[in-house]
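These notes are about the structure you will find just below.
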Amino acid sequence: MDFSLFAHMERLAPHQDHHYLYEEFLSLCTMADEGGMRAIWTGEHHGMEFTIAPNPFLTITDVARHTKNVRLGTGTIVVPFWHPIKLAGEAAMTDLVTQGRLELGLARGAYSYEYERLMPGMDAWEAGQRMRETAPLMRPLWKGDCAHDGEFFQFPATSSAPKPLQEDGPPIWIAARDPNSHEFAVHNGFNVQVTPLWQGIEEIESLMERFNTACEGYADKRPKIMLLHHTYVGSNSDDVDLAAQELSRFYCYFGAWFQNKRDVSQGHIDPLSEEEMTANAMMAPENMKRDLTIGTAQDVIDQIKRYEDLGYDEFSFWIDSGMSSERKRASLDRFLSDVMPKLS
């Protein structure tokens, strides 16, 4: 099994300096590279201090300067916000600048907050249809002289400029949940990235079942599948309990952003009260402890072995958590030194 890091800048309060937070982000990326992880993934979000990532290509280009071996992936591009020609060209340029280390993760997006601001009137269904029209155009545009007459885009013969450094272009990953998304990815020869969020082992098993079912229809096609999951490697049981509380708070805020019902000012959502978070039984700390990949090193080893037995090719350590930089670094260090060597 391969291992990767999934990370963004997180700004939880106005007093936190953006420059300092970016340096923290770079330090985590450097740790992942030096620790032998296969890849680093960072995504695309707009107007949200909760997850700062307005252009992953720009971030990846800089991360490439601070790393040596690790692959660099978009996790993920929100495809409906891009024209296919622009996306193909910027991806190719990023591949060139990073010396062929780019991996292109694509998704329809998830936050209505972003849809309202960048594509007013677009819903999740249309976003998905736009993604399904755009993603298969990447390889033809990289190959060159690609003309298209679709529902959302029409253009005469066009070639990506520049061409990607990697032959046939960067590997493409699709964020998939429902069976149709898995089938779309496998049909097009795209790798698959899944996240069960807070839903635990039952969802992890179900996501793999959907992927396997999609692969059954294509005997000659079995792309890779990556599991993205919140992870914390604690020093002892008390440390793990604290992480469960912190991740509970993270998911309460995640849910509030997703529901898009609270006011937002200066990129920060109106604070949740302790009473509101306590009342959110779904995100209770005991559920986080049960359903996320958190525990002492041996606990995490046992959990990931179970994922590997299910057939996952890559496990991505989702480090966004609302924790301090020190706690993130300590957990990642324990993962690199105490967990990964036992699973190689």
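Values in this text are rule-based calculations from the coordinates and carry no lab data. Computed from a predicted structure; not experimentally measured. Here Cβ is always computed from backbone atoms with ideal geometry, including for glycine, and neighbour counts include all displayed protein chains.
Within 10 Å, count the other beta carbons around each residue, average over each peptide in 270-276, 227-233, 142-148, and list them highest first.
Ranked by mean Cβ neighbours within 10 Å, highest first: 227-233, 142-148, 270-276.
So what is the 222 nm mean residue ellipticity for the chain from helices alone, if each DSSP H run of at least 4 adds -39500 (n - 2.57) and you divide by all residues, rounding to the nearest 500 deg cm²/dmol?
-14000 deg cm²/dmol
Compute a Gaussian network model of the chain, connecting alpha carbons closer than 10 Å, and tell me which residue from GLY121, GLY43, GLY255 fluctuates the most.
GLY121
Using the charge dipole of the chain (Lys, Arg: +1 at Cβ; Asp, Glu: -1 at Cβ; taken about the Cα centre), state which of LEU332, ALA297, MET31 has its Cα farthest towards the positive end.
Toward the positive end, the furthest listed residue is MET31.
Using the Cβ atoms and a cut-off under 12 Å, what net charge is assigned to the surroundings of LEU102, where Lys and Arg are +1 and Asp and Glu are -1?
Computed value for this residue: -1.
Which of SER331, SER112, SER237 ends up with the largest GNM mean-square fluctuation for the chain, with Cα atoms connected below 10 Å?
Greatest mean-square fluctuation among the candidates belongs to SER237.
Please give me the summed charge of the neighbours of LEU5: other residues whose Cβ is under 10 Å from its Cβ, Lys and Arg +1, Asp and Glu -1. Intermediate values should be presented prior to the final figure.
Details: positive: ARG38; negative: ASP33.
Summing Lys and Arg as +1 and Asp and Glu as -1 gives 0.
Reachable aspartates and glutamates from LYS163, Cα under 14 Å, same-chain residues fewer than 8 places away excluded?
Partners within reach: GLU90, ASP95, ASP145.
Can you find, among ILE40, SER235, GLY100, the residue farthest towards the positive end of the dipole of the chain? Put +1 on the C-beta of Lys and Arg, -1 on that of Asp and Glu.
GLY100
How large is ³J(HN,Hα) for each residue in region 21-33, as worked out from phi by the Karplus curve 6.51 cos²θ - 1.76 cosθ + 1.60 (θ = phi - 60°), to whole Hz, x for Gly and Pro?
For region 21-33, the Karplus-derived couplings read 5, 5, 4, 4, 4, 4, 5, 5, 4, 5, 4, 4, 5 Hz, x marking Gly and Pro.
Using 1/(1 + (r/R0)^6) with R0 = 51 angstrom and r between the beta carbons of ASP333 and ASN188, what's the FRET efficiency to the nearest 0.05?
0.85
In a shell of Cβ-Cβ distance under 13 Å around HIS45, excluding HIS45 itself, what net charge do Lys and Arg (+1) and Asp and Glu (-1) give?
-3
Tell me which residues come under 5 Å, amide H to amide H, from GLN193 once H is placed; ignore anything under 5 positions away on its chain.
Here the answer is ILE174, ALA175, ALA176, MET226, since their amide H atoms fall under 5 Å of that of GLN193.
For HIS148, enumerate residues with amide H under 5 Å from its amide H, sequence gap 5+ or separate chain, H modeled in the peptide plane.
The list, which skips near neighbours in sequence, is PHE155.
Apply the Karplus curve 6.51 cos²θ - 1.76 cosθ + 1.60, θ = phi - 60°, to the phi angles in region 149-162 and return the couplings in whole Hz, x for Gly and Pro.
Values per residue, Gly and Pro as x: 9, x, 5, 9, 9, 9, 7, x, 3, 9, 10, 4, 10, x Hz.
If you take the charge dipole of region 2-343 about its Cα centre, with +1 on Lys and Arg Cβ and -1 on Asp and Glu Cβ, which of TYR115, PHE3, PHE57 is farthest toward its positive end?
The one lying farthest along the dipole's positive direction is PHE57.
In the chain, what percentage of the DSSP-assigned beta bridges are antiparallel, given to the nearest 5?
On the way: 7 of 42 bridges.
Among the beta bridges of the chain, antiparallel pairing accounts for roughly 15 percent.
Ranked highest first by the average count of other Cβ atoms within 10 Å around their residues, in what order do 214-223, 321-330, 184-193 fall?
Working: 214-223: 13.7, 321-330: 16.8, 184-193: 21.1.
Order by mean packing, descending: 184-193, 321-330, 214-223.
So how strong a dipole does the chain carry about its Cα centre when Lys and Arg Cβ are +1 and Asp and Glu Cβ are -1, to the nearest 20 debye? Please report the intermediate quantities before stating the final value.
Details: 31 positive and 52 negative charges, 177 e Å.
Once rounded to the nearest 20, the dipole reads 840 debye.
Using only the Cα atoms, what convex hull volume per residue in Å³ does the chain have?
134 Å³
Under the rule of at least 5 residues apart or a separate chain, name every residue whose amide H is placed under 5 Å from the amide H of ILE319.
PHE6
Working out 0.36 nm times the residue gap between ARG262 and GLU216, then minus their Cα-Cα distance, what length gain in nm do you get to one decimal?
Gain on extension, ARG262 to GLU216, equals 12.2 nm.
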